[in-house]
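Undergrad: Sharing a structure with you now.
Every number in this text was worked out from the coordinates using simple rules, so none of it is lab data. As the structure is a prediction and not an experimental result, all values here were calculated from the model. Positions of Cβ are generated from backbone atoms using ideal geometry, with glycine treated the same way; all protein chains shown enter the neighbour counts.
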Amino acid sequence: MDEERETLIADFDRLHRGDSLDRAGFLTLLTWGLIVPVVALLIGWVWLA
Amino acid sequence: MTDDHTAEASLPIHDSERTWGPLAVFGNTASAAIATWCFITGGWVAYYVTAGRGSIAIIAGTLIGVFISLLAALPPATKYGVEAVRSTRPTLGIRGAWFTLGLVLIVLVGWNSVLTIFLGQSGAQTLAALGVLSDGDSSGAVIAIGLLSCLVVVAMLWKGPHVLRLAGPAIAITVVVLAAVMMIYLAIQFGWQRVMAAPALEPLPDAATNYMIVVELGIAGGVAWWPYIGSLTRHSRDTRTAIGPSILGLGALMGVVLTIGLFAALVVPASAGNPTLFMIETGGAWLGVVALAFMILANVGTTMVGVYACALALKQVPAVDRSLSWRGATVISMLPVVLVLVFVAGPFMDHYGTFLAFAGVTVGPLCGVQIADYFLLRRQTLDIRGLYDEHSTRYRYWGGFNPAGFIAVAAGVATYVSVLDPVHFVPGSVAFSYLSATVPASSVAAVVYTVAMRTIPNLLGPSLLPHDTSSEREVSR
């Protein structure tokens, strides 16, 4: 198991090309997770006052 | 080497083993998020605000909370295949991550217990209303239904976590349809005008504080997904594939189901946000079946994801990983839930609010620390051996603990408690009405962590630098 584990980690270290969070992904997250909710909160506060 | 071999253990997931597309990520995040706890929280919202403001505040708050937890947990999970416990090795140290293990186990076992007890209680009441049981408050019936749901969850996960890829979307789609039926029923039975005109049940004198308390309830609920996110997204094919479905499943859909609880509590305050009983009383048996199906599928789906995340967290301990099979880890993850259900269900549910506060206070600062570490200090590059190799010195810091991480989390917790009393939800500062409590707590933790990492000796240097990229150059050649 230890050898198998070592091989897995070594392979991952050598071959894996996992992607980072890129600009488009970050903008999607920022838009729907922060900007839209904050704008909605402001509209909700003013409009429904 | 099967897909489940690494999915069940403390090993990185290779590209070929990442089989979850957008539907699987959405299905499992939605399946996890939608449960009857949405009714409990929605019922609390009704105390402070009306339907219009409450809907906007709770959905927006949930999305903001999910933004914080996704930004902290999703990128390292999809890039390196790490779940919550292992992801904190760079921030808390190779031994400091034991703190995360304790926190994650408490939070996951707590949530699973809440869901199981709630399903037992609501199921017994629903069966009594349908005439199947004579006493809906019988503790025996509550325990029996709860135990049955535990058995179903263990049986579903028995053959491995790959079951989630298929079961998650099926459960999520069914639950969303059933939730839509409940929402339509509320609109038909009471009318939108009555729902929108219903006053808040017990609002505080200051409208801004009422509004922000609801936003904070949403943020705390969204941030509380942090222990689940790594487990839910590490199978995703890539990072971008996981973002949209996660926001939709954990944030938007959960927010919408929370509004069902809000509307129900506003028009029928005695329901405390749970519409199932008065649906049966006014709508008859067919609506009872809808309500019962919703409760069973929603709670079993969420508990299944929770037990998977809990078993995975347990297997981050090398000795546990070596000695315990996947099935053993699943059973052990469920065991505390069974004990709580059988022996202390009543007292546990009496302190549900305290448990929720504990989760909210501690997880927010952890997210802030992780965001600062991953994006500002390490520029999205972690050392794979430091994460997975027990003998690596990369994240060993001071005897296995990173003092910067613990100082920052403590600063974040102190900030939260000074801004808002988390148990009684009483603001301690005017800042709360503008900033909430989780946002400043996470921000302070992030700033303190960044400063501490740069000022405390022996933390910067080789341990902080991105790992040797020669392997990536080799691939590109």
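Undergrad: Compute the long axis of helix B:207-223 from its Cα atoms, compare it with the longest principal axis of the Cα atoms of chain B, and write down the angle in degrees, 0 to 90, nearest 10.
TA: 60 degrees
Undergrad: What list of whole percents do you get for P(r) of the range B:70-167, with Cα-Cα distances grouped in 5 Å bins up to the one holding the largest distance?
TA: In whole percents, the pair-distance histogram is 3, 12, 13, 14, 15, 13, 11, 8, 6, 4, 1, 0.
Undergrad: Out of residues 5 or more away from B:Asp421 or on other chains, whose amide H comes under 5 Å of its own, with H placed 1.01 Å from N in the peptide plane?
TA: B:Val426, B:Gly428
Undergrad: Next question. Tell me the relative contact order for the range B:140-279 as a rounded percent, counting alpha carbon contacts under 8 Å between residues six or more apart.
TA: Dividing the mean separation by the residue count of the range B:140-279 yields 23 percent.
Undergrad: Work out from phi, with θ = phi - 60° and the Karplus expression 6.51 cos²θ - 1.76 cosθ + 1.60, the ³J(HN,Hα) of each residue of the range B:291-300, listed in order in whole Hz, and give x for Gly and Pro.
TA: Those phi angles translate into 5, 5, 4, 4, 4, 5, 5, 5, 6, 5 Hz.
Undergrad: Follow-up. Just the Cα atoms of the range B:141-251, one point each, no solvent: what log10 I(q)/I(0) does Debye give at q = 0.09, 0.24 Å⁻¹?
TA: -0.44, -1.30
Undergrad: Would you grab the residues whose amide H sits under 5 Å from the one on B:Thr36? Only those 5+ places off in sequence or on another chain, please, with H modelled 1.01 Å from N.
TA: Residues meeting the amide H criterion: B:Asn299.
Undergrad: Using alpha carbons only, how many degrees (0 to 90, rounded to 10) separate the axis of helix B:163-190 from the longest principal axis of chain B?
TA: The two axes meet at around 40 degrees.
Undergrad: Where nothing but the Cβ of Lys and Arg (+1) and of Asp and Glu (-1) is charged, how large is the charge dipole of the range B:56-194 around its Cα centre, in debye to the nearest 20?
TA: In total the dipole reaches around 600 debye.
Undergrad: Using modelled backbone amide H atoms (1.01 Å from N, in-plane), which distant-in-sequence or interchain residues come within less than 5 Å of B:His235's amide H?
TA: Hits under the 5 Å cutoff: none.
Undergrad: With the Cα gyration tensor of the range B:330-453 giving a ≥ b ≥ c as the square roots of its eigenvalues, does the rule (a/c under 1.5 for rounded; else a/b larger than b/c for prolate; else oblate) give rounded, prolate or oblate?
TA: Since a/c reaches 1.5 but b/c is at least a/b, the shape of the range B:330-453 is classed as oblate.
Undergrad: Hey, how much of the P(r) for the protein assembly as shown falls beyond 44 Å, as a percent of Cα pairs?
TA: Within the protein assembly as shown, distances greater than 44 Å cover 13 percent of Cα pairs.
Undergrad: While we're on this one: Per DSSP H run of n ≥ 4, the term is -39500 (n - 2.57); total these for the protein assembly as shown, divide by its residue number, and report the mean residue ellipticity at 222 nm rounded to 500 deg cm²/dmol.
TA: That comes out to -22500 deg cm²/dmol.
Undergrad: Expressed as a rounded percentage, what relative contact order does the range B:248-366 have, with Cα pairs under 8 Å and six or more residues apart?
TA: Relative contact order, the range B:248-366: 11 percent.
Undergrad: Then there is this: Give the relative contact order (percent, whole number) for chain B; include only Cα pairs under 8 Å separated by 6+ residues.
TA: 30 percent
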